[in-house]
């Protein structure tokens, strides 16, 4: 269990101030601090600050009650305070999702330029968006911008968030390696192994000595 957020509950108003920046939480924390310090001074340091001891007798039970109630309420609401995003954060998230969905839609329609512009805009707002960067690498492969595709994949591997996408990243690397290996091979080797067209795909055929097709066209 992470005790850090729980310890914040020991001071009234601190969880809401720490995680959400609430002004009401700041006021509660300041008022509690003033009352507590006043009670400590009047009880242990400057005992004659008040004519009678009524304040001291009342202050400590009130302080303890406020502290216990605030700590309990803060502990009960801690998951919501930690997990719920502010309205501004949610707006940015919604905008980011919309950009990615639009970019993917343009990608599926073959509108490479429009998709690239949307993905670059998305990554300028959220550079660690693994899904958008992976889609951009795939788009660069289709448009034969292989150096750009490699750079996107290398950037992806620097992010912790890419751990769950390792299979897709590895597949994209293998496809790039296959394309580059094919393009760098001699012409007679290319004729034997396959044909590369302008969309970044490699299509492979196998033919025996009698000219019989052993494997139909395969896109990778």
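Points worth noting:
- Condition met for residue 141 (under 18 Å from residue 176 (Cα atoms), in the same structural domain as residue 179 (by TED's automatic domain parsing) and either in contact with a helix residue (DSSP H, G or I) (Cβ under 7 Å, 6 or more places away or on another chain) or not in a helix (DSSP H, G or I) (or both)): yes
- Conditions (1) closer than 28 Å to residue 182 by Cα; (2) outside any loop (DSSP other than H, G, I, E, B): number failed by residue 163: (1)
- Of the helices (runs of 4 or more DSSP H) lying entirely inside the range 47-132, those carrying at least 3 residues that are more than 30 Å from residue 33 (Cβ to Cβ), modelled with pLDDT under 75 and assigned by TED's automatic domain parsing to the domain that holds residue 144 are 87-108.
- Among the residues of the range 18-28, those that are modelled with pLDDT of 80 or more and either in a loop (DSSP other than H, G, I, E, B) or touching a helix residue (DSSP H, G or I) at 6+ places or on another chain (Cβ under 6 Å) (or both) comprise 25, 26.
- Scanning the range 153-175 turns up no residue that is in the same structural domain as residue 136 (by TED's automatic domain parsing), within 30 Å of residue 133 (Cβ to Cβ), in contact with a strand residue (DSSP E or B) (Cβ under 6 Å, 6 or more places away or on another chain) and modelled with pLDDT of 85 or more.
The values are calculated or read from the model by the stated rules, or taken from the named source; none is laboratory data. All figures in this text were calculated on a predicted structure; none of them were measured in a lab. All Cβ positions, even for glycine, are placed from backbone atoms using ideal geometry, and neighbour counts span all protein chains on display.
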